[in-house]
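This report concerns only the one structure given below.
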Amino acid sequence: MAYYQTRDETFFVDSDECSMSVPRMGSREAAKMLARNRQEMMGNELSRLASDEYLEDILRHMHQMEDETLPDVNLIDMQREIQWFMRPYLIDFIVEAHAAFTLLPETLFLTVNLLDRYCSKRVVYKQHYQLVGCAALLIAAKYGDKKDRVPQINELNNMCCGLYDAGMFTQMEMHVLNTLDWNIGHPTVDFFSQLIVADERDDREVEHMASYISEIALYSRDFVSTKPSTMARASLALGRAILGRPEVNDGEWEHVDNVTLLSLSQNLHQPSATLSRKYASSHLSGVSAKLTDFLARHAASINNSRLANNSRASPPCESVSASADVYCTPHKGMGAVPGVADGYMTPPITPDGTTYCTATKDLYQTLPPRCPVTPTPQPPHIATTDGYMQHTLHNTYRQTFSQHHQQPAIHQAAQYATYFDAHVAH
């Protein structure tokens, strides 16, 4: 997978361009703008009244849709070339492309959903993994964003270092749509978060922290098959706990929410550098720095409590083996996935050869690629801190959380340097 990274890294940097002088508007243009604003206000009010009347029906339909459009992580496990340690590389690329084109927040979640749903149905070659991600981004942007914000194929091709021919983007986009039976609609985490925030009257800082946590979850295998509604409730609850906001107890908390929240708390220690830079900006409340301060503060408090109680005998902690890392996919044969019967039919393969243009075969079979393909480094061994966030969240949410405990595992984010290593297919 090729990845062009700009030197200035200005995608997530606050700009002062808005403070520049704006030409004075004439009276005629001002009158038109006021008329448009009044029409927009009237339309929003009518939409609010209609949504209040049909809210229950809308929510019932959205819950049905999230069940129908949920990816199957067990089928993605059956991929022969795509492994989980490659996922952070692709998600980093999608996050930067999403920010570069200033797309809507729900477009990012819809892109990852389309990518995972396609990988649940088709065997994807490693050299096509980034191409599928670009096609999913194109479809998601056309579905929800304005026309002038939709990425152009040549722009995406430049970000991919020109690894693919222009016609391949169109062909892969059509193949993704046909594979999903043109069923694009999916209620995203952002949709349910907006509903909960409006209902519970959470402030913008909690909303941004919940969005940050939800996007951290995109990098992990553990949340591929998690419902967006569950992810929204858990991320908002965790965001309130991190920022010290009062607990919201609406009586709808379930065991699966507890499990999701505890799993989220175990994935906060080393977020992606790209995502941290994105949420360090002031218009997103700088929540990445606040999360880092929270983790450091509570790690220090836990270490102090351990030092104070060092005279007490404590049972040895079970260590988490390196094989438990989320980026490591065990080598297995077909039918070895729990819950999948032996002899399960192999999903259709990503088309190439006869379906793709001849330039595809020439590019990947006879000539070396113009940019490095997806690297395949071995995931490093990562030390763990047992009982870290479980202790913190148990004290903060002891009335809400169940007694469910899991062994924590710290997931290491991928580094960009591997994109430029000399991994050339022979």
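Sub-8 Å Cβ pairs linking a first residue in the stretch 164-182 that is more than 19 Å from Lys121 (Cα to Cα) and among the charged types (D, E, K, R) to a second residue that is at pLDDT below 95 and part of a helix (DSSP H, G or I), at least 6 apart or interchain, are Asp165/Ala359; Asp165/Thr360; Asp165/Leu363, ordered by first then second residue. Considering the stretch 128-155 alone, what residues qualify as being crowded, with 22+ Cβ neighbours inside 10 Å and more than 19 Å from the chain's Cα centre (by Cα)? Listed by number, the list holds a single entry, His128. The residue of the stretch 211-235 that is surrounded by the fewest Cβ atoms within 10 Å (Cβ to Cβ), among those that are small (Gly, Ala, Ser) and in a loop (DSSP other than H, G, I, E, B), is Ser225. Counting only helices (runs of 4 or more DSSP H) that sit completely within the stretch 93-179, those holding 1 or more residues that are acidic (Asp, Glu) correspond to 105-121, 153-159, 166-179. Criterion first (under 19 Å from Leu104 (Cα atoms) and either among the acidic types (Asp, Glu) or modelled with pLDDT of 95 or more (or both)) does Glu207 satisfy it? Taking the combined requirement at face value, the residue satisfies it.
For the stretch 180-210, filtering for residues that are surrounded by 21 or more Cβ atoms within 10 Å (Cβ to Cβ) and over 12 Å from Leu236 (Cα atoms) leaves 3. When Ile196 is tested against (1) modelled with pLDDT under 90; (2) farther than 23 Å from Ala140 by Cβ, exactly one condition is not met: (2).
The values are calculated or read from the model by the stated rules, or taken from the named source; none is laboratory data. This structure is a prediction, so every number in the text was calculated from the model and none was measured. In this analysis, Cβ positions are derived from the backbone assuming ideal geometry, glycine residues included, and neighbour counts consider all displayed protein chains.
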